[in-house]
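This report concerns only the one structure given below.
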Amino acid sequence: MQKYSVFSLIKNAFSNHQNWEVAWKDPTPKSEYDVVIIGGGGHGLATAYYLAKEHNIRNVAIIEKGWIGGGNVGRNTTIIRSNFMYDANARFNEFGMDLWRNLSQELNFNVMFSPRGIINLAHSDAQMNAYARRGNSMRLNGIDAKLLDREEVKKLIPMADFSDEVRFPIFGGLMQPSAGTARHDAVAWGYARQADDMGVDIIQHCEVTGFDIVNGKIKGIRTSRGDIKAKKVGLCVAGSTNILAEKLNMTLPIETHVLQACVSEPVKPLLDGVVTFGAGHFYISQSDKGEMVMGGDLDGYNSYAQRGNLPTIQHVLTGGLALFPFLSRLKMLRTWGGIMDMSMDGSPIIDKTHIEGLYLNCGWCYGGFKSTPVSGWTFAHTIAQDQVHELNSELRLNRFSTGHLLDEKGLGTKTWIG
Amino acid sequence: MLYIKCPYCGLRAQKEFSYGGDATIKRPNINEEVSSEDWDNFVYMRKSPRGKHIELWQHIAGCRQWIKVQRDTATHEIFQTAKVTEEIR
């Protein structure tokens, strides 16, 4: 594989960039693989990459209905963080942070990981207390957390509304300085290019239509491009998990919802980190192109449409305006939607299933992108070793029936409120 | 914007309603032995189909009644609405 560097860039400039190698091939599916990963999003691509790299399993196919990176890995708001309170979530995502820090070098692809910090704002004494508790929990797990008072927040985001008339005055906030953003498409492409180089077949425009299960053991899958035998099959299809679960006669603790995001027109550098509003569901960051990237609530009803409705955008941006009045002067460039696996406790599932050789990676709720590397890493381990890794040992499917929920937000089973 | 026909008030904008989830989930009968699996299914497990979905909405900014709505989860088209005591087929 051609290595990307400043020298290869200069060399290819002489031929008008016409002679770059293709980044990944477009193979026809073979009749049999050791492992088939369904879903060519960030998590599926990362899983295939770590299967090849960490476990030397290279006879692997990724089956993608659309095109790689066309789903949620290209639709999220690129935030990466590990500011969780529960040990299982904190350890899992902090391991992921370590993978992020080295990802551009490892993939030889600039994923533009930018640890610019995230501030969760607090608007009451009670919220400050809750954040102090969460910050302490984070620090006990070795994650950097800083409790900011009002003056410290004002220094960092002076453009927020610090006047006396506001409905939700800023009391302070909890900051994770090592959190940040990355270029989401580059993550998918970087993993795809390396996985392809190690022998993984990336098969696009191929829809899974059924599963071949004999005596409780997976034998293969049926697709729009023919049957494919497989010793092991991994599902990485957050957003469509319930559709495939139906084909498997499984019912899961997941509802599928649409989540919208939007960007403004590009403006000069203004906001250097990620900020979340504590009195409503709104968060904002500024992309390297200058657009304000914003998101918030789910539309709030079961949906598979990758588009939402205006009332939710209005509601989210009302919160945005309460925090940052300057937003009222900005034009909206575009809005879009992605479909979310909303799990019943707000935490993901990476586990084996009751079908031998079938593995499940789903339930990512709002936060799949930040976990892309660690999700792939632990899912690859779970598939290769046929057992969960310590890192995903609490992200089991049976935690709902045993009562070991990871309800980080304590919101219960109304997923559309979370 | 969705427009939902409340069986009591007529066609109203989505903003007047709040969502209540899958209407086909049945609570286990009261005063009867309930297995853990049945509770698990009632509390956590959801089919969440792509296509026609019967769901509960509350006309929170109107008559405050709970209603049933049959809606397509892929196109958002609404086919039928009914009182919560009525069946949608």
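Let me have the relative contact order for segment A:8-158, percent, based on Cα pairs under 8 Å that are six or more residues apart.
Details: 104 pairs, mean separation 24.2, N = 151.
Relative contact order comes out at 16 percent.
Within 10 Å of each Cβ in peptide A:295-307, how many partner chain Cβ atoms are there on average? Round it to a whole number, please.
Per residue, the average neighbour count from other chains is 5.
Report P(r) for segment A:281-418: all Cα-Cα distances, bin width 5 Å, range 0 to the bin holding the largest distance, values in whole percent.
Pairs per bin, as whole percents: 2, 9, 15, 18, 16, 14, 11, 8, 5, 2, 1, 0.
Can you tell me what percent of all Cα-Cα pairs in chain A are more than 40 Å apart? Numbers along the way, then the final one.
Details: 14693 of 87153 pairs.
Here the tail beyond 40 Å accounts for 17 percent of pairs.
Just list whichever of A:K268/B:K15; A:K53/A:K217; A:K25/A:K53 have alpha carbons separated by over 30 Å in the model shown. Before the final figure, lay out the partial values.
Values: A:K268/B:K15 35 Å; A:K53/A:K217 26 Å; A:K25/A:K53 18 Å.
The answer is A:K268/B:K15.
How many percent of DSSP beta bridges within the protein assembly as shown run antiparallel, rounded to 5?
Of the beta bridges lying entirely in the protein assembly as shown, close to 80 percent run antiparallel.
Mind checking B:70-76 for the average number of partner chain beta-carbons within 10 Å of each residue's beta-carbon?
5
Computed on alpha carbon atoms, what radius of gyration and Dmax characterise segment A:311-386, expressed in Å?
So, for segment A:311-386, Rg and Dmax equal 18.5, 56 Å respectively.
Take the alpha-carbon centre of segment A:126-145, take the same for segment A:314-336, and report the distance between them in whole Å.
Result: 29 Å between the Cα centres.
Given DSSP loops and a limit of at most 14 other Cβ atoms within 10 Å, what is the longest stretch of chain A that contains no such GluC sites (Glu not before Pro)?
A:208-418
For n ≥ 4 DSSP H runs only, could you compute -39500 (n - 2.57) per run for the protein assembly as shown, divide by its residues and tell me the 222 nm figure to the nearest 500?
Working: 12 runs with 126 residues, N = 507.
My calculation for the protein assembly as shown gives -7500 deg cm²/dmol from helical runs alone.
Loop only by DSSP, 13 or fewer other Cβ within 10 Å of the Cβ. Give me the chymotrypsin sites (Phe, Trp or Tyr not before Pro) in segment A:60-154 that pass, ordered by residue number. Could you put the intermediate results ahead of the total?
Working: sites: A:W67, A:F84, A:Y86, A:F92, A:F95, A:W100, A:F109, A:F113, A:Y131; in loops: A:W67, A:F84, A:Y86, A:F109, A:F113.
Here the chymotrypsin sites (Phe, Trp or Tyr not before Pro) that fit, given the DSSP loop and packing criteria, are A:W67.
Once the other residues with Cβ under 14 Å from the Cβ of B:I88 are scored (Lys, Arg +1; Asp, Glu -1), what is the net sum?
Values: positive: B:K5, B:K52, B:K68, B:R71, B:K83, B:R89; negative: B:D22, B:E55, B:D72, B:E86, B:E87.
Net charge in that neighbourhood comes out at +1.
Which whole-number percentage describes the relative contact order of segment A:84-149, with Cα contacts under 8 Å and a sequence gap of 6 or more? All intermediate terms of the calculation are to be shown ahead of the outcome.
Working: 32 pairs, mean separation 26.2, N = 66.
Rounded, it is 40 percent for segment A:84-149.
If contacts are Cα pairs under 8 angstrom and at least 6 residues apart, what is the relative contact order of chain A in percent?
On the way: 941 pairs, mean separation 89.5, N = 418.
Worked out over chain A, it gives 21 percent.
Counting partner chain Cβ atoms within 10 Å of every residue's Cβ in A:252-259, what's the average?
Details: counts 5, 6, 5, 6, 6, 3, 2, 0.
Counting other chains' Cβ atoms within 10 Å and averaging over A:252-259 gives 4.
Which distance in nm do the two modelled labels at B:N29 and A:S5 give, with both placed 7 Å along the Cα-to-Cβ direction?
According to this spin-label approximation, the distance is 7.5 nm.
For segment A:352-411, which trypsin sites (Lys or Arg not before Pro) are both in a DSSP coil and crowded by at most 14 other Cβ atoms within 10 Å?
Numbers: sites: A:K352, A:K370, A:R396, A:R399, A:K409; in loops: A:R396, A:K409.
Those that pass, being in a loop and sparsely packed, are A:K409.
To test your reading of the geometry: what angle, between 0 and 90 degrees and rounded to tens, separates the Cα axis of helix A:125-140 from the longest principal axis of chain A?
Helix A:125-140 sits roughly 40 degrees off the main axis of chain A.
None of the figures in this text is laboratory data; all of them are computed from the coordinates on show. Predicted model only: the values in this text are computed from it and were never measured. Glycine gets a Cβ as well: all are built from the backbone with ideal geometry, and neighbour counts include every protein chain shown.
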